[in-house]
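Scroll down for the structure; my scribbles are underneath it.
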């Protein structure tokens, strides 16, 4: 991966893909990396994909950016996303849709669609994304790349433009598992500037000799997948059996419950976090929020308002606890080491398909939402194609089981 | 779900134009919430955060703070009596 002089031409190939909002003119020597545009980069415009911040140039670097620069990485550009990361398509970006590198008529997924498309197209080996529920794993699956969403709190959120603070989690999108692990080693660790960051030491990769893991597949997750995706996932299951692991069906809560919980909590936290864009601190007034931003702010205002708070917000937080307990039971009582499933119920959808469905994102992300609500780490790994379009499967583990997940992903990647 | 869009627009300080469409969208999203009412959450605590951290203090800053009186930090007055 070490390329000391990044090819300036690679980002120029972006014209049709539209993976980047800003391309850095003079890239310093270093390992090229792209950064999602909701992460503050000192002196480089950071828009969050929204007209509200279209001219915002941060006076400081996010902690994770500072760490990358200190470790020899060099920023080649800032990648496209749904405005304020509201969505799973990049169609909600105020800077135009990003195209899927495997078929330009299709969506890359989102919200880290620009990062996933840039890596999928081979413009860069590694990119930073953020995930609140699916925004790393879902576009990684749709663009045929590796997406690693760490444990909540493993990577500092300082300098990441907040969406839903109790779930927001920066992570890595990469062309292979090893490169994803290398970047996680750099960006993880406690940060004084983020009181929710974990006091665990930074991640360090350790090679494990895996044998006879107990791998669970939630039956309820498979029910919502298309037959094409299920056929690819069946091959993944067989691969793990050939590798000597015990693959078992497990019963978990229906993912549609997580969709309801996540939607209430995410909208609620959005309405609070986006209150800061009041036209005084960042210039642009609140009429610059796009339709999807407006829907989310208004619904969140409703679920937090007097008379509805307990019925929606508190109720959702209680069910969130049940979801977390459901995972705990699987890992601790039923001795499941890791859980696998398709990352997304379908392959990439056509451009335009998110526009008339206000819940497009939540349905595309329903298989990653339960684990994100519990703060668990997860990784999406490519597992083949349906026609021209990639399919991904995910590995989910207990909190801070990144090393086990990465080792299993490496074993799969090597075997294939 | 009984949604009062004018009230929400005021509460959120958010000027909106496509009111009919937004109202229709919010109502269609909120149908997905019904499933939660069927789930028994008696004796279940809300899970507001997942990392188990409590009262995280910046020790480097806390140590530099002025003396504490009646449980509060004491500082010099920043406004005078005449306003």
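Brief remarks follow.
- Given their separation in residues at 0.36 nm each and the Cα-Cα distance between them, residue A:28 and residue A:165 gain 46.1 nm when the chain is fully extended.
- Three semi-axes of the equivalent ellipsoid, the stretch A:8-102, Cα gyration tensor, whole Å, largest first: 21, 17, 11
- Taking other C-beta atoms within 10 Å as the exposure proxy, A:252, A:163 rank A:252, A:163 from fewest upward.
- Estimated 222 nm signal from helices in chain A, with DSSP H stretches of n ≥ 4 weighted -39500 (n - 2.57), rounded to 500: -9000 deg cm²/dmol
- Note on residue A:287 and residue A:272: the extension gain reaches 3.7 nm, defined as 0.36 nm multiplied by sequence separation minus the Cα-Cα distance.
- Hull shadow area, averaged, the stretch A:102-171 [alpha-carbon convex hull, nm²]: 4.6 nm²
- Equivalent ellipsoid dimensions for the protein assembly as shown as semi-axes, Å, which come from the Cα gyration tensor, largest first: 32, 28, 25
- Calculated P(r) tail over 25 Å for the stretch A:105-233, as whole % of Cα pairs: 33 percent
- Size estimate for the stretch A:47-191 follows the Kirkwood approach: the inverse of mean 1/r over distinct Cα pairs works out to 14.8 Å.
- Each semi-axis of the equivalent ellipsoid for the stretch A:286-416 is √(5λ) with λ an eigenvalue of the Cα gyration tensor; in descending order they amount to 31, 24, 11 Å.
- Largest-first principal axis extents of the Cα set of the stretch A:192-258 (Å): 47, 36, 21
- The Cα trace of the stretch A:213-352 gives Rg and Dmax of 20.0, 60 Å, the first to one decimal, the second as a whole number.
- Computing FRET efficiency as 1/(1 + (r/R0)^6) for residue B:21 and residue A:237, where r is the C-beta to C-beta distance and R0 is 30 Å, gives about 0.10.
- With Cα atoms defining each centre, the stretch A:392-415 and the stretch A:101-166 are spaced 17 Å apart in the structure.
- Other protein chain C-beta atoms within 10 Å of residue C-beta, averaged over B:40-46: 5.
- The separation of the stretch A:27-54 from the stretch A:272-321, counted between C-alpha centres, amounts to 25 Å.
- Average 1/r across all pairs of distinct alpha carbons in chain B, invert it, and you get the Kirkwood radius: 19.3 Å.
- Length gained when the stretch residue A:249-residue A:355 is fully extended (0.36 nm per residue, less Cα-Cα span): 34.6 nm
- The fewest-to-most ranking of A:197, A:74, A:93, A:211 by surrounding Cβ atoms within 10 Å reads A:211, A:74, A:197, A:93.
- Rounded tilt (10° steps) of B:19-30 against the dominant C-alpha axis of chain B: 90 degrees
Quick note: the coordinates plus some simple rules give every number you see, no bench work behind them. Model, not experiment: these values are computed from the prediction. Every residue, glycine as well, gets a Cβ built from its backbone with ideal geometry; the counts of neighbours run over all protein chains shown.
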